[in-house]
Each structure stands twice: as C-alpha cells, then as structure tokens.
1. Select from region 213-236 the residues that are hydrophobic (A, V, I, L, M, F, W, C) and under 26 Å from A40 (Cα atoms) and write down the one among them that is surrounded by the fewest Cβ atoms within 10 Å (Cβ to Cβ).
2. Return the residue satisfying two criteria in turn: it lies in region 129-153 and is more than 19 Å from D25 (Cβ to Cβ) and outside any loop (DSSP other than H, G, I, E, B), and of such residues it is farthest from the chain's Cα centre (by Cα).
3. Are any of the residues in region 45-67 among the basic types (K, R) and within 17 Å of Q235 (Cβ to Cβ)?
4. Could you check region 439-555 for strands (runs of 3 or more DSSP E) lying wholly inside it with 2 or more residues that are in contact with a strand residue (DSSP E or B) (Cβ under 8 Å, 6 or more places away or on another chain), at pLDDT below 95 and within 21 Å of C577 (Cα to Cα)?
5. Between N71, N60, N92, which is open to solvent by 10 Å² or more (accessible area, probe 1.4 Å), of a type outside the set (K, R) and touching a helix residue (DSSP H, G or I) at 6+ places or on another chain (Cβ under 8 Å)?
6. Tell me which residues, restricted to region 202-212, are open to solvent by less than 10 Å² (accessible area, probe 1.4 Å) and either out of contact with any helix residue (DSSP H, G or I) (no Cβ under 8 Å at 6 or more places or on another chain) or within 14 Å of T170 (Cβ to Cβ) (or both).
7. Go through (1) within 26 Å of N143 (Cα to Cα); (2) crowded, with 19+ Cβ neighbours inside 10 Å; (3) under 41 Å from the mean Cα position of the chain (by Cα) one by one and return the number of the condition T101 breaks.
8. If a residue has to be more than 16 Å from A301 (Cα to Cα) and open to solvent by less than 10 Å² (accessible area, probe 1.4 Å) to count, how many in region 253-265 make the cut?
Amino acid sequence: MRYAALLLWGLIWAQSPSWGRAQIDSARSIIPRYVVSPVAQPQTRVPYFAILRVTGLEPNTTYRFVSRMDNVTTPPVTNNINLGAGNPIFYNPTTQTYTLTNSPTFATAGGYGTVLTDANGEATLIFGLQPTGNQRFRTDNNNKLYVKVFFQSDNTTGPIDSAYVIGDKTPIQPLALRTFANSADTTGSFFYDSSLASAKALVFLYDAYGPRSIGERPLAGAVVENAGLSWGASQLPAYISEVSGRDRRYGTVIPNSCTGVKAIHYVNPDAPGLYCEQAIYDLDGNWPSGISTVAPTNGAAPLGLVNSPYYPLLPDPGNGCLNVSSTDINPMTGSVYVNYTILPTSGFLYGLQLYLGSSSCSIGYGPQNLPLNIPSRDSTNPMMPYVYGLCRSSEWYTTIDSIRGSQWPGFLPSCEPCAWYQPVTGRFIWRCMRGEGGFAVQNFTYYGDESSSILSFYSTASVSLAPRRVPRKVVWVTTPPLSASPGDAFTVSIQLEDSLTPATWGAFPSGQPNFSSCTFGSAIMRILDASGNVVGTATGTWNIGSTGMPSANISGTWPSTPGQYVVFVEEVPFPFCSCTGPSNLRWQASDFLPITISNTGILIRPQAHEWVISLPQAGDWIALYDMKGHLIWESVAPDLVLNIPRQDLPKGIYTVVLRTGQRILTQKVVQE
C-alpha cells in the first residue's frame, strides 16, 4: 500500500502541465557562484541573491513560489518545499518590499512570493535566500548547492498547476568564513561596500574587468540596504554592524581564492539587467581607495569600503595637490588641469563638483572630467556619486578606455548660462595619489559614511574661484555715422562683450554661454543734445541663440534739429533665465559716440584761433574764400574733423566751400 500511495502522488503531480517542463534559462539568469556556509560557524549568515529567468510555466498565470537551495539535482516527486533549505527572501514588485521568512508555506501569505508569467509562460524572479545551519550548506566532500524553486498556481478554484526548477547547470560553492585559503576553494571572507545605487537595488560582484553580460556568473550577489528586513540573531555580526539598516550599504561573501573584484554592477529589481552605466570597475582588484580584493583573508571580519574615500593611497607631494585656481577649472565640464611633475600610471579620474547654492545647480559632473594625459588602464573614480565605465566592451584596454568623454552617459550643466558668471567659494577636498591622477570635490557627503569626519581626506582647502566670465560692456558692431541729415532713418548693431570672447576653453559647443533660456529687456539707445539732455530714444530686441553672445539691431530716426549730439546704449542687466542668475551683474553702457546733424552736411564750430569743421567724409576738397571771392585757404580733408586757422584774418564774412562727390556745399562764417 505504501508504494501504491507514492505512485499515486507521483501521478497526481505529473498531471500538472508545468511539472517536469519548467526550467531555469541560465543564459538569461544571474546566478552567483558562492554562498556562505553557516554550518561550522552558526552566526555567519549572509544573504544570497540571484535573478532567475524561468520558462515552461503556464502563460499569463500568477504563481506562488518558494525559494530554496539543495545539494542534489534529483527531480522531486512531490511539490514539497521542505526538499530544500534556507530561509527564502521574497521581493514584491508591486509594493517594492522584501520579506524574509523562516516558515515558508504555500498556505499562508508571507510564506511565499508571487510572480506573473508572460504570454510565453516565462517569468523573471528575484531569488533571495538566507543560508542556515542545514547540512546542505556544508563545505566538505566537494559539496555543491543549486538554486531550487517550487511553484504553485495562485488560484482557489479549478486545477492547480505545480512546478519546480533546479539550477543544475549552475553549481554554487559554499564558503566557510576563514582567514586562510585552501585548494578546495571552500573558504571565504565577508565583503561590504557603499553602493552607488539606491536602497533595495541588487548588487553583483564579478572577478572579470569591464561591463558584464546576462548569463555570466558573478562571484556574489547582495541587496542594498535599507531593505527593511530583520535578519535575526544568527546573522553575521559584521553584517549587522556595517550593513544592516545603513543607507546604501550592502554585504556579501567572496572566496579567499579571489583574483580580485573587478566589476560591480548595480541592478534595479523592477527592471533587472546589466548596464555599463550602472557599474564601477577596477582592472586588478586593488581599488584606488586602498582596499585590495585580491586573495582576501579577513574571514568574518569586515573588508571595505572599496568605494570609500576614507582609505587614501600615499600622497605624492610632487603633484601640487592644493594648487587649484580659477584658470585650472573648465566651468562647463568641471575638468581640473594641474601641472603634474610625474605622468600618472593608471587612470584614476579627476572629479570636481561646484555647487552654486543648491544641489540642483552644479557645473561639474564626473563623466566629463577626464584629463587627456591619463593612460588607459583603470576607469574607477571612487569619489564621485556617479557611475564610470565604457559601454562598448571592445574599447576596454584600448587607447580610449578612460579617456573619451563622448563614450560616457551625458550630463549637461544644470545652470547654463548662470554658472559661467558666478564665483565659487567653498571647502574643497583634494587628493593626489602616487602614480595616479587626483580629484577635487566640494562639500561632498559620501553615502554610508555620513558620520565620518571630512578630515579623513588627505587634504582640504578653502578655495575661492573667480567666475570664468565677467560681463564687460555693450560694444558697437556697426557704429552711427559721424554726420547725418535731420530726420534721417538709421540702424545700428550692438553686442554684449565678456571678459572671454570667445571663451578660451573653446568647447561646449563653441566656448560661449547658452542664453536660449533667458529673457532680456529691450536694448535701449539714447540720443543726447549738447547740454546732455535726452532728445531721442530708440530700442531693439536682443537676438539670443544657443551659442554666441546676444546681439541686437536698433532702428530709429535722427533729431530734426541740426546740431551736435552724442549717442550711447544703456547698460544691460543680467537676464532672467531658467537658472538662478547673478542679479547684481550687468554689462556696462557702450562708448559715447558723437554725431553731427546738419542740413548742409557741414558743421562749423568757431574757436578762439580757428574754425573746427566736421565733415561727412574724409578725402573731400575744402576751401575758404573772402568777401571778394579770393581763395584764402584750401586743403584735402585728411579726416572727418578739420581746423581752419583764422587768428590773422581781417573782420568780415567768409565762405567755406566743400566739394564732396558731385555736390558743392557752401556755408558762411563770420570773423569778428
């Protein structure tokens, strides 16, 4: 009867459509190679995370599932979740929450996770597990573990579909936390770090350099805290003290045989996948923070942080660490140029952030801060809160690795054009690494180490950086004529001039600020009479483009009364822009230019010993005749202003004759 009952159970499970058909597609999964073994050391639990792509389930069906691990790959006869070990950790994508249970069951909510298949009967699920002291996790006798998931359709009526999957193609090595390595590869060490990703993201560590692909197996997988989980008394003490509940921290285990953690990918659990712009890399596993992940032997003690600024390498005094000035900084990219006395031997990046009053107004972001003289080896900058790495794996190890900013995710200045015109004053942190480049950051808070003193950095300095551009004045592009007839129409052109025109940096995209988001008032030209009174006003509209300084055309008519006048364009205040501009800045008024308004085209001003003649143009013939028509004086005008001597002339009425082009102009003058 016993054998008949077992056969009956086997037939019942075999009737489920997915039983024996469902499987893990390891080429589309991320299954780490190592897991901690708490068998010999009870208080060494560290969570394990993977991403599984499961096929062969019923289409468009919601399943309950339970995650386990097993050290055998024999297919189960029944859907018995006790045919495995470990405390499951479930991720709910609807509520974006994690749940840890030590009492898994299909019967009670909280004892299982749920997943919805697509039209092909496939699903991606987050596999989480807290290893336990179950003997399946032992390290002796070449013991290996495999991910194992039990499924049951989430329906209360009709037939229930059941299934299981085993990762029989992806064995997992359990590791005891020890301070030595062995040939059996069964010892490991605890590793923790500060993540560049937000809480609840997943982290995968690889021992291969550069962007990794789905299907490649990482060393380990972890979850970024605070994940909202209570780990219990059997969790590794170092995990509790350094990781649990601490913002953006994560912890896992790596083997003591490790050749180095060389790539760290951050994964969104709601859209799991590996993207090079969400990772950091290190060529040899010896991170610029000073932490080595090669052949660790710290065992249960904490090893970290590779991404922390609090472990500086030896400083190189020859690098002139604090020699930072305004001329060293490109305001549009944040690049810092310092005259190094030695050539860096690895590509430790510069990084500079200039905060102009608020975090939403910065003029430097990491991916653009790539000095061109740094060799192509190591793409990691542990200081900046952004991600580094080339997207095209074919370019790793090549001459453009770590050099070409065009290969990075693009970050544009958030304060264009205001950032050009604002000084930056603050406390900068500057480090120089022996044989490596350096970086400077301002007012930086590092995730996970908020309580640490900023003095842990190698060097700090209070630096005041002058603005890269200073408004100068309004300049004439086309000037008014020196003389004109009353009521004539005119058009003049003006442009704003800065201290840098064009900018010496010559980039982004043409070395000019972008005023396209700004609103200027009208360009105003004033006409003053000889007493300084405003007798005329003309206005124009500023032409604003994405590059180049604003310009304007001003049109109007000259005064109807002959005389001597002066024209100028009023000062221009800094415009209203989408950024917060410097409200006290303004371009100074233009130069004051004289203009003669005359019916004859000749304006004569008597002086004590001469007549000062203003002419419409140079090169004209001009002469002076007395009352009898005798020629007294003549000349070809070398300039627009000419002096005719009169101190020895007898009293009387004289005639000035001007020949300009085809016209003869005359005007009487009196000698008293």
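1. Applying the filter and picking the extreme gives A233.
2. Ranking the qualifying residues of region 129-153, first place goes to Q135.
3. Checking region 45-67: at least one residue is among the basic types (K, R) and within 17 Å of Q235 (Cβ to Cβ).
4. 471-478, 489-498
5. When all the criteria are applied, what remains is N71.
6. L202, V203, F204, L205, Y206
7. Among (1) within 26 Å of N143 (Cα to Cα); (2) crowded, with 19+ Cβ neighbours inside 10 Å; (3) under 41 Å from the mean Cα position of the chain (by Cα), T101 violates only (2).
8. Number of matching residues: 6.
The values are calculated or read from the model by the stated rules, or taken from the named source; none is laboratory data. Fair warning: this is a prediction, and the values are worked out from it, not measured in the lab. Don't worry about glycine lacking a Cβ; one is built from the backbone with ideal geometry, like all the others, and counts go over all protein chains shown. Ligands, DNA and RNA are stripped out before the accessible areas are found, and what is left, the full protein with its side chains, is counted by its heavy atoms. Shrake-Rupley method; radii C 1.70, N 1.55, O 1.52, S 1.80 Å.
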